[in-house]
1. Kindly indicate whether GLY131 is open to solvent by less than 60 Å² (accessible area, probe 1.4 Å), within 18 Å of ALA121 (Cβ to Cβ), at pLDDT below 95 and in a loop (DSSP other than H, G, I, E, B).
2. Taking the residues in the stretch 299-350 that are of a type in the set (S, T, N, Q) and not in a helix (DSSP H, G or I) as candidates, determine which candidate is modelled with the lowest pLDDT.
3. From the list ASP28, ASP36, pick out the single residue that is surrounded by fewer than 17 Cβ atoms within 10 Å (Cβ to Cβ), without any contact (Cβ under 8 Å) to a residue 24 or more places away in the chain and either of a type in the set (Asp, Glu) or on the phi > 0 side of the Ramachandran plot (or both).
4. Exactly one of these conditions fails for LEU102: (1) more than 22 Å from ALA44 (Cα to Cα); (2) surrounded by fewer than 20 Cβ atoms within 10 Å (Cβ to Cβ). Give me its number.
5. Kindly list the number of the only condition in (1) open to solvent by 50 Å² or more (accessible area, probe 1.4 Å); (2) at negative phi; (3) in a loop (DSSP other than H, G, I, E, B) that fails for ARG532.
6. Return yes or no: is LEU485 on the phi < 0 side of the Ramachandran plot, outside any loop (DSSP other than H, G, I, E, B) and under 26 Å from the mean Cα position of the chain (by Cα)?
7. Do we find that ALA448 is in contact (Cβ under 8 Å) with a residue 60 or more places away in the chain and either open to solvent by 50 Å² or more (accessible area, probe 1.4 Å) or not in a loop (DSSP other than H, G, I, E, B) (or both) in this structure?
8. Have a look at ARG259, ARG275, ARG297 and point out the one that is surrounded by fewer than 22 Cβ atoms within 10 Å (Cβ to Cβ), over 25 Å from THR386 (Cα atoms) and not small (Gly, Ala, Ser).
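The values are calculated or read from the model by the stated rules, or taken from the named source; none is laboratory data. The model shown is predicted, which means the values in this text are computed figures rather than measured ones. When we count neighbours, we look across all protein chains shown, and the Cβ atoms used for this are built from the backbone with ideal geometry, even at glycine. The accessibility values were calculated without ligands, DNA or RNA, using every heavy atom of the protein model including side chains. Shrake-Rupley method; radii C 1.70, N 1.55, O 1.52, S 1.80 Å.
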Amino acid sequence: MTADALADFVRGPLDAESQALLRRTFDDEVLDPRPDLTAAGRHALTHRRLRHVNTALGPGSALLGDRVRLDAAFGWAAVADPALFHAMVLHYPLCLGVLLDLDPGTPEVAGAVAALEKLEAAGVLLLTEAGVSGSHLDPGTEAVHDPATGGFVLRTPRPEAAKFPTATGAPGVARIAAVYARVIVAGADRGVFPFAVTVRGADGRVTPGVGVTPAAEAAGLPADYAAVTFDDVPVPYGAWLRGSARLDGGGFHDPLGSRPARLARSLAMARPVWRGIVSACAAVTRAAVTMALAHTRHRRTAGGTPLMDFRRQRRDLLAALADAYALTALAGSFAEGDGAAVTGALTPWALIDARLPALKAVAVSTAAAAVDVCRARCGAPANAATGRYTGYRALLDAYTSAGGDNLLIWLDTARALLDAPPPGASALEARAREELAVAIARDGDWNAHVHLAERAALAHADRVLQDAFAERAAAVAEPGARDLLTRLAALRGHALTLRRSGDLLETAVLSPSAIGRSRVALDALCDGLADRVPELTAAFGLPARLLDPVFGTPDFARALIGGEVP
């Protein structure tokens, strides 16, 4: 059946049993909205929800070992509670995952892993620093080898090296961190490594020598943000997450042989984070468009005209629906493997993976635009009657920078495009790359040509996202679903043409008349798919609990006042 085939497309490589488990986990009363809480209560609730997820889905090591289930869990969490998604990213890949990935087989790391597995302590990441942009490349925090003990002394040499932002501010919650620092041996800098460090003990109190300064409550993505400093905190040798490196009587040894290679190895757990961000972007876009279409399909103007009869309303919301399916297709493609690493210049991300950072960036920007459109097309009720859109937008704003700043990712992606032109480039992608290559060959000034680099990288990422959707749609076996998805992919292609019309015209890839023809084709596809909206959104399978109980219902007015007028 078409409905089953659409649901299978959305589920992707996730098996039905895992899907059912995730649905039970996140369709639970612990995820019910709690707008009445104080900031402290909100942080405590996030931790309680994290514990609920950890109990339901089993040990974190098993979840990390099942990338398909982990990606899907991130998507469910982002829809249910963006703050929970953020806590899961910190706990699973960025702390527990780092410890498991670089485990030297010591009792210190084994004990930390056991505490994280049972959620006796929540895991956090201490990587970026307050005073320097790009601090993850060369952090100021030092781990100085102490020959007397064989361990290290962790120190913050100046205020600019304070770790920030971190999720360590809430008292009463035990925290174990993966702390990134420059290893100093006999006065020599030996590269950036993480260490397993208890920031708050089992009683939630801050470890002696560790300074935790809570930040002001943020209006965006909720977390217990704080700055963390270290005042000669002793760290045992066994807590050094050294991978294949070692210290012995002969001194320091690292088979990787270079600081860039060690940095890339230390940051390797960025891969599941990027995949998780893409999954979250797909999921919140599905939720946003489901609510927007439920709200608008039965809504009329004062004159009695259905909102969906208005061209702009129909075009914008169906394009957002197409974006949701495109991001879903992209998230489902990660079971096929990651990209190989290449050399990068501005960030370490290209050293880790050539493909995933750009896909993270295009997923966040695409989801943000779709959420904004859904909120705008629903007018004031989307802001006054629900907090879902605000929460999703706060998540996307945060992850525009978190997981690698999008602009820096675009610049590194552009550099990679010049080094190795990708196969199957679109006309805009090829032209943008050509213009960038000419400009850089002329003066070598990347700073002067940021706009060209961003255009080339975005054109590349747009094309990869669109190809992922079109290819998966064409591969669907059931004819009815294949027809719907193929038309939806074509609709998105025309919508993308209109979004990038400025670049297409400036580069002379398309003429104004061609842009106009694309608009006509887009409207025709929207007209043909408008009546299929219910089955396209039903395939998302979102529980009512995860949609707004008032705004996300077809009869908004009665839901708002709780029934009929007395």
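1. Numbers: open to solvent by less than 60 Å² (accessible area, probe 1.4 Å): yes; within 18 Å of ALA121 (Cβ to Cβ): no; at pLDDT below 95: yes; in a loop (DSSP other than H, G, I, E, B): yes.
Considered against the rule, which asks whether it is open to solvent by less than 60 Å² (accessible area, probe 1.4 Å), within 18 Å of ALA121 (Cβ to Cβ), at pLDDT below 95 and in a loop (DSSP other than H, G, I, E, B), GLY131 comes out as no.
2. THR343
3. Of ASP28, ASP36, the one residue that is surrounded by fewer than 17 Cβ atoms within 10 Å (Cβ to Cβ), without any contact (Cβ under 8 Å) to a residue 24 or more places away in the chain and either of a type in the set (Asp, Glu) or on the phi > 0 side of the Ramachandran plot (or both) is ASP36.
4. (2)
5. (3)
6. Here the answer is yes, as LEU485 does meet what is asked.
7. On the way: in contact (Cβ under 8 Å) with a residue 60 or more places away in the chain: no; either open to solvent by 50 Å² or more (accessible area, probe 1.4 Å) or not in a loop (DSSP other than H, G, I, E, B) (or both): yes.
Here the answer is no, as ALA448 does not meet what is asked.
8. So the residue among ARG259, ARG275, ARG297 that is surrounded by fewer than 22 Cβ atoms within 10 Å (Cβ to Cβ), over 25 Å from THR386 (Cα atoms) and not small (Gly, Ala, Ser) is ARG259.
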